[in-house]
Amino acid sequence: MTQKNMNDHFVEITPKDVKALMVIEIACHPHPWTEKTFTSCIGGRYFGASLKDSNNNDIGFYIGEYVAGEATLMNICVAPNKQGNGFGKKLFTQFLTQAKALGATQIFLEVRAKNIAAQMLYMNVGFIEIDRRTGYYPSNTGFGYEDAIVMSLKC
């Protein structure tokens, strides 16, 4: 299945979706969110959606936060067996659309310094680096730390 499949669709994330989405979260991150953290990022100032295929299987998801005209991408994941098919871009585009619909005039995110593919996706829609958090993330190798690049887009 590719990004062009018109049967893919977005569904708002609810607490009942957390267990299924945790499978993707754990597969994508060496230091994943806990189920409690994930659940705490549903409702209120948070918004998110999962991308499902024509059989209603989860492809990936995003979680955003909206406060006082500013939105932040908190988490975005694509199931490892679905990566490389444009689904990350599709999820990110939906996040941007939803953030702007909520009234965001500025959008923030942070990304691992070594995640060049994600940085390119973000830069291609106009995000710029505004800061760097030195040693913010534990390294994926288990030794040391990795910088976080903070990026922003004015809407």
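Observations on the model:
- Unpaired cysteine residues in the chain (no second Cys Cβ under 4.7 Å): CYS41, CYS155.
- Rounded to the nearest 0.05, the FRET efficiency derived from the C-beta distance between ASN55 and ALA117 at R0 = 22 Å is 0.25.
- Magnitude of the charge dipole for segment 28-155, about its Cα centre and with charges confined to Cβ atoms of Lys, Arg (+1) and Asp, Glu (-1), is about 200 debye.
- Taking ASN75, ASN115, ASN55 in turn, the Gaussian network model of the chain (Cα-Cα springs below 10 Å) assigns the largest fluctuation to ASN55.
- Sorted by Cβ density within 10 Å, fewest first, the residues TYR66, TYR136, TYR122: TYR136, TYR66, TYR122
- Between GLY86, ALA20, GLN106, the Cα set farthest toward the positive side of the dipole of the chain (charges on each charged residue's Cβ, about the Cα centre) is that of GLY86.
- Just checking the listed ones, GLU65, GLU110, GLU12: in the Gaussian network model of the chain with Cα springs under 10 Å, the one fluctuating most is GLU12.
- Values (1) 11, 40, 40, 10, 0; (2) 10, 38, 35, 15, 2, 0; (3) 10, 30, 28, 18, 10, 3, 0 are given for comparison; P(r) over Cα pairs in 10 Å bins from 0, in percent, derived from the coordinates here, is the one labelled (1).
- Among ILE76, ILE63, ILE42, a tally of other beta-carbon atoms within 10 Å of each Cβ gives an order, fewest to most, of ILE42, ILE76, ILE63.
- Counting only Cβ charges, +1 for Lys and Arg and -1 for Asp and Glu, the dipole size of segment 105-155 around its Cα centre is about 60 debye.
Values in this text are rule-based calculations from the coordinates and carry no lab data. Here the structure is a predicted model, which means the values were calculated and not measured. Heads up, the Cβs are rebuilt from the backbone with ideal geometry, glycines too, and the neighbour counts pull from every protein chain shown.
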